[in-house]
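Below is one structure, written out as structure tokens; comments come after it.
Read-outs: derived from the displayed coordinates by stated rules, not from any lab. Just so we're clear, the structure is a prediction, and the values are computed from it rather than from any experiment. Glycine gets a Cβ as well: all are built from the backbone with ideal geometry, and neighbour counts include every protein chain shown.
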Amino acid sequence: MPQYFRQRNCYFCRKKIEYIDFRNTQSLNRFLSPWSKIRAAKDTGNCAKHQRILTQAIKRARFMAMLPYLTR
Ligand SMILES: [Zn+2]
């Protein structure tokens, strides 16, 4: 019977990043879906702590018009 282990490999934990710069849209982009929606933590493998920081950074970047709210 196959077992599936959900990998807990948070990108930011691995890179030991504590602060996510919202101006670095290139690295934020990898956590957005093709429609510029924020991908779920279980999708990206991010831990809760970093997912929260990431969400804040993306929202800030959107507010500064560096990232789109929605792309069609
Ligand atoms: Zn993490």
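Enumerate the calculated ³J(HN,Hα) couplings along the stretch 49-56 in order (Karplus 6.51 cos²θ - 1.76 cosθ + 1.60, θ = phi - 60°), each rounded to whole Hz, writing x wherever the residue is Gly or Pro.
Working through the residues one at a time gives 4, 6, 4, 5, 5, 5, 4, 4 Hz.
Where the convex hull is taken over the Cα atoms of the chain, what is its projected area averaged over directions, in nm²?
Values: hull surface 22.6 nm².
Its Cα hull, projected and averaged over all orientations, spans 5.6 nm².
Please report the relative contact order for the chain, taking Cα pairs under 8 Å with a sequence separation of at least 6, and give it as a percent rounded to a whole number.
Values: 62 pairs, mean separation 27.9, N = 72.
It comes to 39 percent, rounded to a whole number.
Per-residue HN-Hα couplings for the stretch 62-72, Karplus 6.51 cos²θ - 1.76 cosθ + 1.60 at θ = phi - 60°, whole Hz, x for Gly and Pro?
So the J values, rounded to whole Hz, are 5, 4, 7, 6, 9, 10, x, 6, 8, 10, 10.
Magnitude of the Cβ-charge dipole of the chain, K/R +1 and D/E -1, about the Cα centre, nearest 20 debye?
80
Can you order the peptides 49-58, 15-24, 31-40 by their average number of other Cβ atoms within 10 Å per residue, highest first?
49-58, 31-40, 15-24
Convert each backbone phi in the stretch 17-33 into a coupling constant with the Karplus relation 6.51 cos²θ - 1.76 cosθ + 1.60 (shift: θ = phi - 60°), then list the ³J(HN,Hα) values in order as whole Hz, x for Gly and Pro.
Going residue by residue, I get 9, 9, 10, 9, 7, 6, 6, 7, 5, 5, 7, 6, 4, 5, 9, 10, 6 Hz, with x marking Gly and Pro.
Whose amide H sits under 5 Å from the amide H of Ile38, counting only residues 5 or more places off or on another chain, with H placed in the peptide plane?
Ser33
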